[in-house]
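Some notes on the structure that comes next.
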Ligand code: SF4
């Protein structure tokens, strides 16, 4: 069962211009207006730099003022700022996993610099997909669990043996499992290999 039913959804969308990084190829005003009409969206705004301190303050303020229960940040790759925005929404009282990113920079503005209309249409599709994913997000709890510091490698072919050797060189106990009676896999069936012909 969903933690927030569709009728109770209050999604906020924050569209980042990234200076001209996004704004030069994507019409961010149009993308923001489009976002406002998506199902479940109750608030959408454009920011100059969403990851900046003022940008993050705007997100926190909107979460409180508009009672947002899900958030979409349309900006850059999650590799860059996902932890920033998870922390940001969590400081406003929202579970950090109720935030979804829409990558309209690396996946859109940077690769479609010559056609603003098509780039804007693609950005709108990316945001629409992110909003759709957001509808199904559930709050998550982070756990710390003890990890056994050893490795199991399944398959004693060349790749498996090399992986086992590398792991052992890194200081981990390794268990290598092979279903046949001998190691070597396909490699053991060859009498020479290219290019050394050994
Ligand atoms: S959130 Fe990403 S896209 Fe927006 S200003 Fe920061 S780096 Fe640029």
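Laboratory data are not the source of any read-out in this text; all were calculated from the coordinates shown. It should be emphasised that the depicted structure is a prediction, and the values quoted were computed from it without experimental measurement. Cβ placement follows ideal geometry from the backbone for every residue including glycine, while neighbour counts extend to all protein chains displayed.
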Simple spin-label estimate for residue 29/residue 190, 7 Å along Cα→Cβ, in nm, reads 6.2
Cα extents of the chain along the three principal axes, largest first (Å): 68, 44, 32
Value of [θ]222 nm, deg cm²/dmol, for the chain, DSSP H segments ≥ 4, -39500 (n - 2.57) each, nearest 500: -11000 deg cm²/dmol
Amide N proximity, the range 126-147 versus residue 175 label position 7 Å along Cα-to-Cβ, cut-off under 17 Å: 147
Mean separation of Cα pairs under 8 Å and 6+ residues apart, divided by the residue count of the chain: what relative contact order is that in percent? 20
Grab every C-alpha pair in the range 13-90, bin the distances at 10 angstrom width from 0 up to the longest one, and report whole percents. 19, 55, 26, 0
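Provide the FRET efficiency to the nearest 0.05 for the residue 97-residue 53 pair, computing r from the beta carbons and using R0 = 22 Å.
Working: r = 23 Å, r/R0 = 1.05.
Efficiency for this residue pair is about 0.40.
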